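Single-structure report; data block below.
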Amino acid sequence: MMRRPYKLLFPVGAVLGAVGVGHWLVYTLGLQEGYSGDAHALVQVQGFLMAFAAGFLLTMIPRRTGTPPVGTVTVVASAVLVVLSAGAATLEKWTIAHLSFAATLLVLLGVVGRRFLAREAGRRPPAVFVFVPIGLLCGLAGVAFVLGNQHGFVGRNAYVAGWRMITEGVFTCWVVGLGAFVVPLLGGRETPPDADATPASRRLLILHALVGLTLVGSYLVEAVLQSRLGSGVGLRVGLGLRFVLVVFELVVLTQAWRRPRQAGIQRTWVWLANLMVPFGLLLATLFPHSKTAWLHLSFVGGFSLMALSLSAHVVAAHGGHETDTGRRPWPLVTLGILVLMAGLTRASADHHGSYFNHLAYAAALWLLGLGCWLVFVIPRLRDAESPAEGG
């Protein structure tokens, strides 16, 4: 058994993040001849983000449900699969990359399903955690659509939807579902209650599930409308629907939009990252022809800032450094500032003549932020686990 899967998966994710973002810096400096936006996207999603998500889920789910720690084979297999997926994407071996990503999702789905439904579980997860399996299924459906199109089984609309489900849908679901629990938990506010067999709890579970499934379905609606009514209409409907659904979850159902009460800069960054996801969706809805630029506010300022700041909290809390979770250590302060600046710089790149230079500036800022994360995390990864914050 491995009690702290994050000790392997977080460093693996950091390396893959450096590879994925460094892609633009290396190209702009003339150190490589070509570039691939698709490879960059897949390395970041299927490598960097997936490694951090796996490290968090494989650590948190057993603790939350009161079930035994995940086996070492499962953790090592997850690490190997994310590396294989990112490596295949870098080499533009798309089928291998997607199949490895799907295998990672299946591993996590098995862990989540068994722990959530186990009779011996000491606790049940809150109803909003239904977004976790929905996100896993979103990724698997996306892989099926993308590979189905590559092998001639489904049309272009399915490919467009599948690509967006892989690169956006999985982590939008997870930020909504996990953010609704993590943001109040870290911020000293009331967290969503554990799910139980009462009618009220079941209704809430159904409502969260309907929101999540509608969010996933919006990618199919968007792709169909793009082909029939034009890209502007399709994008506005799809992006706008996702914005409304995310805001509904954050504001109405979970109130995860509220600022943290407790001190600690990483708590502020997690809270802000949670809000950056709908903010990027809003700007992409208003300006759909620049959607890729604006969605990077969600990707960089939302997904990546959430991954780095939440992982820093986990490492400190589980490594015997609880006092650090209530402070403002300079590496974490600088980390958030640099990552947010990277997101803004990347979002502005489409509006400047020096497009690739801006990508390089954004990459450099993000890599410096990652360096600050390493300065904070590496010494604490070596320390003993604390019994205080078990997740």
Problem set entry | The listed residue being touching a residue at least 24 places away in the same chain (Cβ under 8 Å) and open to solvent by 10 Å² or more (accessible area, probe 1.4 Å), out of T345, T323, T334 | T334
Problem set entry | Subset of region 122-140 [of a type in the set (G, A, S) and surrounded by fewer than 21 Cβ atoms within 10 Å (Cβ to Cβ)] | G122
Seminar exercise, completed: The residue that is nearest to F181 (Cα to Cα), considering only those in region 106-145 that are in contact (Cβ under 8 Å) with a residue 60 or more places away in the chain and among the aliphatic types (A, V, I, L, M), is V128
Seminar exercise, completed: Exactly one of R119, R115, R123 is of a type in the set (K, R) and touching a strand residue (DSSP E or B) at 6+ places or on another chain (Cβ under 7 Å), and that one is R123
Exercise. Mind checking which pairs have a first residue in region 357-384 that is farther than 29 Å from M2 by Cα and free of Cβ contacts under 8 Å to residues at least 24 places away in the same chain and a second that is assigned to a helix (DSSP H, G or I) and small (G, A, S), Cβ under 9 Å, 6 or more apart or different chains?
Worked result: H358/S348; H358/A349; Y361/A342; Y361/A349
Exercise. Within region 1-89, which helices (runs of 4 or more DSSP H) (wholly inside it) include 1 or more residues that are more than 15 Å from the chain's Cα centre (by Cα), within 30 Å of G320 (Cα to Cα) and small (G, A, S)?
Worked result: 6-28
Seminar exercise, completed: Restricted to region 178-196 and to residues being in a helix (DSSP H, G or I) and touching a strand residue (DSSP E or B) at 6+ places or on another chain (Cβ under 9 Å), the residue surrounded by the most Cβ atoms within 10 Å (Cβ to Cβ) is A180
For this session: Look through region 90-104, keep the residues that are polar (S, T, N, Q) and open to solvent by less than 70 Å² (accessible area, probe 1.4 Å), and return whichever of them is nearest to the chain's Cα centre (by Cα).
Result: T104
Problem set entry | Criterion (free of Cβ contacts under 8 Å to residues at least 24 places away in the same chain, surrounded by 16 or more Cβ atoms within 10 Å (Cβ to Cβ) and within 16 Å of A284 (Cα to Cα)) met by exactly one of V246, V237 | V237
Seminar exercise, completed: Of (1) open to solvent by 50 Å² or more (accessible area, probe 1.4 Å); (2) more than 25 Å from G187 (Cβ to Cβ); (3) outside any loop (DSSP other than H, G, I, E, B), A364 satisfies every one except (1)
Problem set entry | Selected residue [β-branched (V, I, T), more than 22 Å from Q150 (Cβ to Cβ) and open to solvent by less than 60 Å² (accessible area, probe 1.4 Å)] from V82, V73, V45, V107 | V107
Problem set entry | Sole exception among (1) of a type outside the set (G, A, S); (2) assigned to a loop (DSSP other than H, G, I, E, B); (3) open to solvent by 60 Å² or more (accessible area, probe 1.4 Å) for L210, by number | (2)
For this session: Output the residue which, of all residues in region 351-361 that are surrounded by fewer than 17 Cβ atoms within 10 Å (Cβ to Cβ) and in a helix (DSSP H, G or I), is modelled with the lowest pLDDT.
Result: H351
Problem set entry | Checklist (1) open to solvent by less than 60 Å² (accessible area, probe 1.4 Å); (2) closer than 30 Å to E322 by Cα; (3) within 19 Å of the chain's Cα centre (by Cα) applied to W257, failing item | (1)
For this session: Return yes when A284 is farther than 30 Å from F248 by Cβ, over 18 Å from the mean Cα position of the chain (by Cα) and among the small types (G, A, S) and no when it is not.
Result: no
Seminar exercise, completed: Checking S218, S201, S227 in turn, the sole residue that is of a type in the set (G, A, S), touching a Pro at 6+ places or on another chain (Cβ under 9 Å) and not in a loop (DSSP other than H, G, I, E, B) turns out to be S201
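The values are calculated or read from the model by the stated rules, or taken from the named source; none is laboratory data. Computed from a predicted model, the values in this text were never measured in an experiment. Note that we place each Cβ from the backbone using ideal geometry, even for glycine, and neighbour counts take in every protein chain shown. Accessible surface is based on the protein model in full, side chains and every heavy atom, while ligands, DNA and RNA are left aside. Shrake-Rupley method; radii C 1.70, N 1.55, O 1.52, S 1.80 Å.
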